1. For a quick check, take a GNM of the chain with Cα springs below 10 Å and name the residue from ALA46, ALA291, ALA308 with the largest mean-square fluctuation.
2. Restricting to lysines 8 or more places apart or on different chains, can you count the pairs in the stretch 73-319 with Cα atoms under 26 Å from each other?
3. Could you tell me how many degrees, from 0 to 90 and to the nearest 10, lie between the Cα long axis of helix 322-345 and the main elongation axis, the longest principal axis, of the Cα atoms of the chain?
4. Give the Rg/Rh ratio for the stretch 263-305, taking Rg as the radius of gyration of the Cα atoms and Rh as the Kirkwood radius, to two decimals.
5. For the chain, what is the percent of antiparallel DSSP beta bridges, rounded to the nearest 5?
6. For LYS31, which aspartates and glutamates qualify as cross-link partners when the Cα separation must be under 15 Å and same-chain residues fewer than eight apart are set aside?
7. Does the stretch 148-226 come out rounded, prolate or oblate by the C-alpha gyration tensor, with a ≥ b ≥ c the root eigenvalues, rounded set by a/c under 1.5 and, if not, prolate when a/b is larger than b/c and oblate if not?
8. Given the chain, what whole percent of its Cα pairs are spread farther than 43 Å?
Amino acid sequence: MTLSTQKSKMLFERALRVIPGGVNSPVRAFKTVGGDPLFIERGEGAYLWDVDGNRYLDCCGSWGPLILGHSPSEVVAALSERIENGTTFGAPTEIEIELAEMVTRFMPTIQKLRLVSSGTEAVMSALRLARAATNRSKIVKFEGGYHGHSDHLLSKAGSGLASLGIPNSAGVPAAITADTITLPYNDVQTVEALFRADGNSIAAVIVEPIAGNMGCVPPKPDFLPALRQLTERTHSLLIFDEVITGFRVGTGGAQALYHVSADLTTLGKILGGGLPIGAYGGRADLMDLIAPSGPVYQAGTLSGNPLAVAAGIATLKVLSDPKVYERLERMGNQLEAGLTAAAERAETPVQVNRMGSMFSLFFTNRAVTDYSSAKRSNTAEFARFHRKMLEKGVYLPPSQFETAFLSAAMTNSDMVHIIEAAESSFQFIARKE
Ligand SMILES: *Cc1c(COP(=O)(O)O)cnc(C)c1O
């Protein structure tokens, strides 16, 4: 069976004339998996429909935000009510306090937070704050980590850069990344060596506590505790970029899961319930350095936008029932076991990396624990797999180096659907058809 995607093709040709690459964010373009991107008409619950009427189980979830699936009734109700009363005021609203209070309850290391409009903005602002608070300039990040597209962090970054094989972006002056140090993920020794040599000049270490932008790569047990200890000892700050993991692996994020506390945390994606949002927060003494209470300037016309805030509150309310995460974990577990067994039966060497409702299938016979091992994956095989999965009605993120997501709108039989689709796709690859 091949997909009929005539309308998507026509829209893509039209888009290419007025939008660079035809898309408003690079990985959407399907460049690394071949074929043209599918244009989406609508989503409902666990499913997506493209403009040609094909239906897919959505394992991309808009790259993370849609933990409840498409248009959950709670979010729709909150948005409908809110929109009747205006969409933006550029003045404070009560619901911003409500969202901030919920976040501080869920994540106790966040005593105060500032809402912004994207994850990129959250990270960029957190770094400015870390540099101001420490009066130092160096930032440590990890290979394959993606922290948005701000200049300072586009060095050996994951996500779209990894997918497209761009080590660093053009247009970023060397002087700007001169203070960015990039080390291998999960490698305590190199971090220790750096801190021994240079610890007192480091403003902050920024890390995805579960990497999600080189595919899903969980931290080794000693990695996050070592980062905490080294930064504490040298009075630099530890920033957890929980833009994906915040409310994805639990209401307390990865920091609750691993019992490691961060000085600053960045959030986004799920926090906006499918609308654009970001946030950064942490210790009150640090956050009070931000204008207007302190000297670190950061602002935004649409920051704390009432629609995004209302959708976020509605989403977090649903997530405050632990049963949601228990069910996601059970489904994730079922999927992991099923995919592993299916790959064995098809004699396809793959690594199934999973944490809760985040998962990646790497086409390699060796464990994937960092960016260099992720890059050993056979991306041509992934591309064939991706296309075959689409034909079987499963929409995966179109890159080997992205994490797939389950949503609470899915059921056990959706897991069976993914596993069966994967098994016949593995067999298809093995036959080299
Ligand atoms: C998506 C992401 C960002 C950037 O968020 P945007 O809203 O796309 O700007 C930052 N950090 C991590 C870990 C992300 O996954």
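A short reminder: the numbers here are calculations on the coordinates, not readings from a lab. Since the model is a prediction, treat every value here as computed from it, not as a measurement. For neighbour counting, all protein chains shown are included, and Cβ atoms are generated from backbone atoms with ideal geometry for every residue, glycine included.
1. ALA291
2. Final tally of qualifying lysine pairs is 13.
3. Relative to the chain, helix 322-345 is tipped by roughly 50 degrees.
4. For the stretch 263-305, the value is 1.01.
5. Here the antiparallel bridges make up roughly 60 percent for the chain.
6. GLU13, GLU381, GLU402
7. Here the stretch 148-226 falls in the oblate category.
8. 10
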